[in-house]
Amino acid sequence: MVECATMEEDEIIRRAKEGDLDSFNQLAETYQRAVYNLCLRMLGNAPAAEDATQDAFISAFRGINRLRGGNFKAWLFRIAANACRDQLRSLRRRPVTSMDDAPFEFKSDQPSPEDYAMRQELGEEIKKAFVTLPPDQRLAVILRDIEGLDYEEIAQVTGSSLGTVKSRINRGRKRLRHHLEKHRELFV
Amino acid sequence: MRILRKNQCHKVQGLLSPYIDEQIGSSERDRVESHLEECQVCRRELELLRATVNLLHRVAAVSPPRSFALAEVDAKRRPAALKREAPQWRRVPALGALRVATAVTALLLVFVLAGDATHLFEAGPVENRAALQGTPVADEVQGTSVTDEIVGVGGASFDSEGFTDNEGYIWPVLEIELALTGVMLILGGVTVGLWHRKRRGLEKG
């Protein structure tokens, strides 16, 4: 089934490479949620994430002929990560005053008011903790722990070696853990 | 002994993250596990790290606020279309030429100022100039005295008896300096204005 889906995707990619916008838009519809979430976690700002996502898809369409086989999602994430870097530079020039529009929400099967309040608080803490991470570590942790990519895919997205990926994930998680330790009661 | 143990803890804690992800070899895994059996600090570190990772796994995906499918208007931004239609900033008229003109004016101004400061444009003593021309100082040349000629050329005011200090300018240096400064300011202002317009154009894409 997975192989069938991959074959179908390969065909769509082939048509997109020939300039078929509808085929490319099929890919965009499939991956826009993942790309938008990656951008949102990286930037912590919804409008900037929207811009980065749009830029990523435009760049992907323009550069799809440079894709030579391989993992389309990893390739797309790489473009999105570059779009996020551009947005981060832009945000540094014109810093936003609020990050309230980029919530971290949690999956939960206990929708009680107490649970909701705790999840909100935890979301705030994670958001603050992510901001303290250098962008390279933030990207590696998001790709691994939120997007669920394996180490090889992360190496493809970031253009780094496996050793660098391991080190970034390790340091990023450690920093997050230190930040969240103050709020142990929320998540342990 | 304590230093050795601390060193071991440091090494093991560096492996905890790939250990959680099962990204270490079997020998390293055995080393980590045997250390964890006897080290409470590292066990606690592992527990907190696992809790952090589990927490991140529970972060819910957010629905995008809109579709990011490309419209036809976006499709025009494909490379072939971009080659046909030059970017906004390239259509700003003669920005490159203005930059060069500003730079040349600035260089000229620096040259004139430097020359002025080092007395490059000052005429030598009148006797020497006259000797060079092979004409006595008081001689009339086509109805004009050398003194008048120099005054006329230099634009400096000297008394009718001749130069008070036997020196003057061979060019109207002050006027040239002022003119170059004015031209440079105007060109520079226009260039900076157009450059800002170009940047705004690029940011808007």
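Just so it is clear, none of the values below were taken in a lab; they were calculated from the coordinates. Just so you know, these numbers come straight off a predicted model, no measurement behind them. Cβ atoms come from the backbone with ideal geometry, glycine included; neighbour counts cover every protein chain shown.
For the range B:104-114, take each phi angle, set θ = phi - 60°, evaluate the Karplus expression 6.51 cos²θ - 1.76 cosθ + 1.60, and give the result in whole Hz per residue in order, putting x for glycine and proline.
Rounded to whole hertz, the list is 5, 4, 4, 5, 4, 4, 4, 4, 5, 4, 5.
Of the listed pairs A:Lys107/A:Lys174; A:Lys73/A:Lys182; A:Lys107/A:Lys182, which have alpha-carbon separations greater than 25 Å here? Working shown, then result.
Working: A:Lys107/A:Lys174 23 Å; A:Lys73/A:Lys182 36 Å; A:Lys107/A:Lys182 22 Å.
In this structure, A:Lys73/A:Lys182 exceed 25 Å between Cα atoms.
Quick one: grab the alpha carbon gyration tensor of chain A, order the square roots of its eigenvalues as a ≥ b ≥ c, and give me rounded if a/c is under 1.5, else prolate or oblate depending on whether a/b is larger than b/c. Walk me through the numbers before you get to the answer.
Numbers: a/c = 1.73, a/b = 1.71, b/c = 1.01.
Prolate, since a/c reaches 1.5 and a/b exceeds b/c.
What does the helix-only formula give at 222 nm for chain A: each DSSP H stretch with n ≥ 4 adding -39500 (n - 2.57), the total divided by the residues, and the result rounded to the nearest 500 deg cm²/dmol?
Values: 9 runs with 137 residues, N = 188.
Mean residue ellipticity at 222 nm (helix-derived): -24000 deg cm²/dmol.
Round to the nearest 10 and give me the degree value, 0 to 90, for the angle of helix A:162-181's Cα axis relative to the longest principal axis of chain A.
30
Taking amide H positions as placed in the peptide plane 1.01 Å from N, state which residues far from A:Phe106 in sequence (5 or more) or on other chains have amide H under 5 Å from it.
Here the answer is B:Ala60, since their amide H atoms fall under 5 Å of that of A:Phe106.
Going by C-beta contacts inside 10 Å, put B:Met184, A:Met42 in order with the fewest on the left. Present the calculation step by step, with values, prior to reporting the outcome.
Values: B:Met184 20, A:Met42 24.
So the ranking, lowest neighbour count to highest, is B:Met184, A:Met42.
Does the range B:2-57 come out rounded, prolate or oblate by the C-alpha gyration tensor, with a ≥ b ≥ c the root eigenvalues, rounded set by a/c under 1.5 and, if not, prolate when a/b is larger than b/c and oblate if not? Write down the numbers at each step before the final one.
Numbers: a/c = 2.22, a/b = 1.38, b/c = 1.60.
Oblate, since a/c reaches 1.5 and b/c is not below a/b.
For the range A:85-90, just list the computed ³J(HN,Hα) in residue order, Karplus coefficients 6.51, -1.76 and 1.60, θ = phi - 60°, integers in Hz, with x standing in for Gly and Pro.
Computed from phi, the couplings for the range A:85-90 are 4, 4, 5, 4, 4, 5 Hz.
Å³ per residue of the Cα convex hull, for the range A:110-188?
Values: hull volume 7.2 nm³, N = 79.
Per-residue hull volume (Cα only) is 92 Å³.
About its Cα centre, what dipole magnitude does the range A:110-188 give when the only charges are +1 on Lys and Arg Cβ and -1 on Asp and Glu Cβ, stated in debye to the nearest 20? Don't skip to the answer; put the middle values down first.
Values: 14 positive and 13 negative charges, 96 e Å.
Charge dipole, the range A:110-188, about its Cα centre: 460 debye, nearest 20.
Once both labels are modelled 7 Å past Cα along the beta-carbon direction, what's the A:Thr6-B:Glu175 spacing in nm?
8.2
Any chance you could give the angle, 0 to 90 degrees and rounded to 10, that helix A:113-131 forms with the longest Cα principal axis of chain A?
Helix A:113-131 and the main axis of chain A meet at about 70 degrees.
Roughly what angle does helix A:46-63 make with the longest principal axis of chain A, taking Cα atoms, 0 to 90 degrees, to the nearest 10?
Approximately 20 degrees, to the nearest ten.
Straight-line reach from B:Lys198: which lysines have a Cα under 22 Å away, not including same-chain ones fewer than 8 places off?
Within the straight-line cut-off, B:Lys198 pairs with B:Lys76, B:Lys83.
Mind checking the dipole of the range A:41-97: about its Cα centre, +1 per Lys or Arg Cβ, -1 per Asp or Glu Cβ, Debye to the nearest 20?
Working: 11 positive and 4 negative charges, 53 e Å.
Rounded to the nearest 20 debye, it is 260 debye.
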